[in-house]
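Heads up: the structure comes next, in structure tokens.
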Amino acid sequence: MFDYAPAPEAKLASFEKSYGHFIAGKFTKPANLYPTINPATEEVLAEISHGTAKDVDLAVKSARAAYEKVWSKLSGAERGKYLYRIARIMQERARELAVAETLNNGKPIKETRDFDVPTAVSWFFYYAGWADKLDHAGLGPNPQALGVAAQVVPWNFPLMMLSWKIAPALSAGNTVVLKPSETTPLTALLFAEICQQAELPEGVVNIVTGFGDTGAALVGHKDVNKVAFTGSTEVGKIIAKQVAGSNKKVTLELGGKAANIVFDDAPIDQAVEGVVNGIFFNQGHVCCAGSRLLVQESIHDEFIKKLKRRMSTLRLGDPMDKNTDVGAINSADQLAKIKKLVKKGVSEGGELWQPECKIPRNGFWFAPAIVDNVSPANTVAREEIFGPVLSVITFRTPAEAVTKANNTEYGLSAGIWTEKGAKMLKLADQLNAGVIWSNTFNQFDPTSPFGGFKESGYGREGGRQGLLSYLKAGK
Amino acid sequence: MRLDVKKTYKLFIAGKFPRSESGRSYQVKDSKSKHVANVALASRKDVRDAVQAARAAQPGWASASAYNRGQVLYRIAEMLEGRREQFVSEIASLTGKTAKQADAEVSAAIDSWVWHAGWTDKIDSVAGSMNPVAGPYFNISTNQPTGVVGALAPQDSALVGFVNTIAPAIVSGNTVVVVTSEKLSLPALTLGEVLATSDLPGGVVNILSGKESELSSWLVGHMDVNAVDLEGTSNATELEITAADTVKRVIRAGTYPRTGAKGNLQHILDLMEVKTVWHPKGH
Amino acid sequence: MQAETIVGSRITNQSLRRWLHSLPGVDKVGLEARAASLATRSIKTTSKAWGLDMAIRMMDLTTLEGMDTPERVESLCQKAITPDMADPECPSPAAICVYGDMVPYAKAALGKSKIFVAAVATAFPSGRSSMKVKLQDTKDAVAFGADEIDMVIDRGAFLSGNYLEVFKQIQAIKLACQRPKGKPAHLKVILETGELQTYDNIRRASYLAMLAGADFIKTSTGKVSVNATLPITLLMLEAVRDWYDETGELIGVKPAGGIRTAKDALRYLVVVKEIAGERWLTPELFRFGASSLLNDVLMQRKKLLTKTYSGPDYISVD
């Protein structure tokens, strides 16, 4: 009846046929090329260079030179002004960046436009303001940068993760070499253009594209002072081992299996929304996704009914359509992983439910799913799926909720839904997670530190605390 | 030969540029005692109107997000940078500084706006706290803007001293009524034009040119002003006594240097109040 | 369904209080975020055309001024019958909404058209009068032939916790909507959400009104500073949706006041669809209380047809 009609965003981003790396302020000659695609259509968007150890070495050398000769000699106020410029140019090119991100990642334009890009911009504005105030970072007067930072970011929020890495590093006085994920390099390459427009001194930011081996070469390079990684726990452990025994400071932001806990005294309609947002936002490709619903047994049936009704209004489809809520799965690989785990979940007794969705012919798609009747011992209660799949577990008392929520090797985030303040605050104390969202979920702000407990990683991004991993105390 | 179209310098109140309600003006001369302009001479009624405007604008400005306030202050820096020539020439003309010196002063003023812009969303991270009380309570202290600030800008600084008087007040969500330097009032009034084009809501900054000796007791005595900055007065002790009648927060003259490219966190905090909230924890 | 059955006991102020206060709370930030998110929906081409036509068909075209006269009311009725002279295909609003004493003029002017006459009653907008007066106000309008009655609840009673009083008043007015011969007037209950102020209050007032027999719950009189908003309407749509699940009764929602543009109207239709469901996308279950909205919708309608932006000179005033 009232189906909204197609509402396509204008294709405001265009790409070069092929890209080299961004080293010492210039793009290198494209070499060793592989295609990067749009996961919603499988069409090739551009050819990308697969960085070799030699490319990585050149980039690190350029970062080092820039650090020694230029960046470490600038005042904080001047560094800050470069970051303000970058923030402003990103704002000016915001729509273009949003379209580029949607095309390369598969996530809906509504999200890149309203969340990814504005958040990335805000991170630059925020850290721009810290550059000349480092005396207040908490390490005493005149803290020092570490030098050259090696940064590896994932495919789920490519540009936003880039801003979480580059902004604090530069603000604190470091120079960087960043490797975007192999499936989503394009916004990083557009960001390189923005650095040029901002007249950022050459070599302060370097972008080397490629695969896992490129990242390993970067992390392993002996002239790197700091390693920052966001990605899977599996790779995070490899990196931690790789840097063992060295002088490299390291921060890791890894996986999660967050519990979203709904009590019988929750604001129910907003809780439904928060649960939906917690696991279906970004197709569930979120480290801090609320992938376990812990619902109080007394309201289980009513809550699931409302949840299913709400899920039936989710619109899955063309990410470039402004009304799409659920976009494509980022790669064939990831889709296979999700399907495998869901199959396992059902075989272990879970009840699978998905709303009816029209699945496009091309591309990688998975309809939002609930697996109900999950026990803490089941695979889908423990293993990170990284897709739009919610495992539903019940509990009876607050103490039981805490036990079940904490019963995981992960500890990135948790959600608490109750109108009772004292209960919420006590639970917040007891939950072993780095980010606790109460009566909300998936809130991010550059002023708010983000990071995990346990195998979700260590170190924090955002806030004053986010600077600490890029600084050391002054003499 | 082409005749210049000369600017009329007016007050800046509630986002608009009125003349003084008294209809008075006074002469501003350059460093060589040559006439430059007749400038509005503010009266106590202008003070009254300005405080009213500041109070009306305060809740909205304070409830804007820190991010938004930071963007506005950065925009002020952008607009000022774009018009630097006008300020350089006004400063040089009034003070006798060389073009190079005046240029350096404008750069400092711009950089000070940028420095302040970066504080809006960091104050509580540095000066707020979760307090580990000895009991099952959540306890948090945050800093809130005090409200309306009455400020007397330094007499001897044409621009940067003025900027370093209003910026620390508004960065946290206060609104301000400021009396300019009497002799060097022009750049401050021109800055009003910059503020008006920077998305700063009307009434957040209100600029009154005139005689500090005539206006200060009215501003400092006004019962709807929460804090006063006495930098630009020659009558500081008297005014501090007046302020005590309503327990106003006072920044004494000479407390903070005002000519640099950055301000002072303590100056910002002097115009804020600490609020501490308790809540039990338990289920 | 009987009120006692729904509440689970005899109806007293205490039992009503317990029942209303046991409803789940509303988180303000979450509610407003959901409304804001729905407001980003982009309605285009065929859907937009459908939406604009439906918005007109859902309108209670309103004039509620002290200076209303029979001629003013007749003129509004003519506008409702022929909203756009240049386009005979243009649909008509659902109803005209006027003060009770204007009902005869509206009925005469509307003649055989299918447009309803809604009358505000019960000492609109304040409701501050004796029950005797409020009942008479209603009976007069019903006797004049009003098809619909828009009553106001006693906000003073509600805010001081006298739920039983509010409940009884609605029940009494519902009875006064009966006619010896013919259909009863259908009853819209105005909550005056701007005075209730909190979302928890609005949820409770919605449930209380539905319990007492409202056919429609309506946001506002349009006479206070805060009238209909998207989050408030969203909340009320949740209430009617859940009420239907619990009792099988279909109750309508009418946001009124402050809805001025076609863009606003389309946003409301999105909220109806995604919150309550397409079943509510009909004038039987959703109305807009508006006056200047009609002309803005007509201009947008023209733009879709002619592919150029229209202007006020090309649409008649009412």
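Here are the numbers for the structure shown:
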read-out	value
Selection within the stretch A:447-462 - within 30 Å of A:ARG382 (Cα to Cα) and in a loop (DSSP other than H, G, I, E, B)	A:SER448, A:PRO449, A:GLY451, A:GLY452, A:PHE453, A:GLY459, A:ARG460, A:GLY462
Residue within the stretch C:135-158 that is modelled with pLDDT under 95 and surrounded by fewer than 21 Cβ atoms within 10 Å (Cβ to Cβ) present	no
Filter result for the condition that a residue is among the hydroxyl-bearing types (Ser, Thr, Tyr) and more than 19 Å from B:THR180 (Cβ to Cβ), over B:TYR9, B:TYR67, B:TYR26	B:TYR67
Any chance C:THR233 is touching a Gly at 6+ places or on another chain (Cβ under 8 Å) and not aliphatic (A, V, I, L, M)	no
Any hit, the stretch A:208-225, residues being closer than 25 Å to A:GLU96 by Cβ, in contact with a Cys (Cβ under 7 Å, 6 or more places away or on another chain) and not charged (D, E, K, R)	no
Residues of the stretch C:37-79 that turn out to be of a type in the set (D, E, K, R), closer than 19 Å to C:GLN300 by Cα and either within 14 Å of chain A (Cβ to nearest Cβ) or over 22 Å from the mean Cα position of the chain (by Cα) (or both), as a count	5
Among (1) within 14 Å of another protein chain (Cβ to nearest Cβ); (2) in contact with a strand residue (DSSP E or B) (Cβ under 9 Å, 6 or more places away or on another chain); (3) polar (S, T, N, Q) - the single one A:THR233 does not satisfy	(1)
The stretch B:33-81: number of residues that are assigned to a helix (DSSP H, G or I) and in contact with a Phe, Trp or Tyr (Cβ under 8 Å, 6 or more places away or on another chain)	12
Members of the stretch B:129-166 that are among the hydrophobic types (A, V, I, L, M, F, W, C) and either more than 30 Å from A:ASP429 (Cα to Cα) or crowded, with 24+ Cβ neighbours inside 10 Å (or both)	B:VAL148, B:VAL149, B:ALA151, B:LEU152, B:ALA153, B:ALA158, B:LEU159, B:VAL160, B:PHE162, B:VAL163, B:ILE166
Subset tally (residues that are in a loop (DSSP other than H, G, I, E, B) and at the interface with chain B (Cβ under 9 Å from one of its Cβ atoms)) for the stretch A:429-446	2
Residue in the stretch C:17-36 that is farther than 28 Å from C:ARG155 by Cβ, touching a residue at least 12 places away in the same chain (Cβ under 8 Å) and either more than 14 Å from every other protein chain (Cβ to nearest Cβ) or not in a helix (DSSP H, G or I) (or both) present	no
Single residue of the stretch A:1-56 satisfying the filter (in contact (Cβ under 8 Å) with a residue 24 or more places away in the chain and within 14 Å of chain C (Cβ to nearest Cβ)) that is farthest from A:GLU101 (Cα to Cα)	A:TYR4
Unique residue being in a helix (DSSP H, G or I) and under 17 Å from the mean Cα position of the chain (by Cα) when the list is C:ILE149, C:ILE96, C:ILE173	C:ILE173
Residue that is more than 24 Å from the chain's Cα centre (by Cα) and either of a type in the set (Gly, Ala, Ser) or assigned to a strand (DSSP E or B) (or both), where the choices are A:ALA40, A:ALA100, A:ALA13, A:ALA66	A:ALA66
In the stretch C:230-275, residue farthest from the other protein chains (Cβ to nearest Cβ) [restricted to those that are free of Cβ contacts under 8 Å to residues at least 60 places away in the same chain and part of a loop (DSSP other than H, G, I, E, B)]	C:GLY257
Residue match in the stretch B:72-83 (condition: within 17 Å of the chain's Cα centre (by Cα), farther than 26 Å from A:GLU78 by Cβ and more than 13 Å from chain A (Cβ to nearest Cβ))	no
Complete set of residues in the stretch B:231-281 that are of a type in the set (D, E, K, R) and either within 14 Å of chain A (Cβ to nearest Cβ) or under 30 Å from A:LEU431 (Cβ atoms) (or both)	B:LYS262, B:LYS275, B:LYS281
Residue check for C:THR82: within 14 Å of another protein chain (Cβ to nearest Cβ) and surrounded by fewer than 18 Cβ atoms within 10 Å (Cβ to Cβ)	no
Complete set of residues in the stretch C:59-83 that are of a type outside the set (D, E, K, R) and not in a loop (DSSP other than H, G, I, E, B)	C:MET59, C:LEU61, C:THR62, C:PRO70, C:VAL73, C:SER75, C:LEU76, C:CYS77, C:GLN78, C:ALA80, C:ILE81
Single match in A:ALA405, A:ALA369, A:ALA399, A:ALA377 (criterion: under 25 Å from A:ILE268 (Cα atoms), aliphatic (A, V, I, L, M) and more than 14 Å from chain B (Cβ to nearest Cβ))	A:ALA369
Positions within the stretch B:152-166 being out of contact with any Gly (no Cβ under 6 Å at 6 or more places or on another chain) and of a type in the set (A, V, I, L, M, F, W, C), in sequence order	B:ALA158, B:LEU159, B:VAL160, B:PHE162, B:VAL163, B:ILE166
Which listed residue, of A:ASN323, A:ASN260, A:ASN247, is in contact with a Gly (Cβ under 8 Å, 6 or more places away or on another chain) and of a type in the set (S, T, N, Q)	A:ASN260
Residue in the stretch A:294-306 that is farther than 17 Å from A:ALA367 by Cβ, more than 14 Å from chain C (Cβ to nearest Cβ) and crowded, with 24+ Cβ neighbours inside 10 Å present	yes
Index of the failed condition, C:MET1 passing every other in (1) more than 14 Å from chain A (Cβ to nearest Cβ); (2) surrounded by 14 or more Cβ atoms within 10 Å (Cβ to Cβ); (3) touching a residue at least 12 places away in the same chain (Cβ under 8 Å)	(2)
Residue selected from the stretch B:200-221 under the condition in a loop (DSSP other than H, G, I, E, B) and within 16 Å of the chain's Cα centre (by Cα), by the criterion farthest from B:LEU80 (Cα to Cα)	B:GLY210
Among residues of the stretch A:416-428, those that are out of contact with any Ser or Thr (no Cβ under 7 Å at 6 or more places or on another chain) and more than 10 Å from chain B (Cβ to nearest Cβ), counted	2
Answer from A:THR112, A:THR119 - the residue that is within 14 Å of chain B (Cβ to nearest Cβ), in contact (Cβ under 8 Å) with a residue 12 or more places away in the chain and either within 17 Å of the chain's Cα centre (by Cα) or in a helix (DSSP H, G or I) (or both)	A:THR119
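The values are calculated or read from the model by the stated rules, or taken from the named source; none is laboratory data. Quantities reported herein were computed from a predicted structural model and do not represent experimental measurements. Positions of Cβ are backbone-derived with ideal geometry, glycine not excepted, and every protein chain shown enters the neighbour counts.
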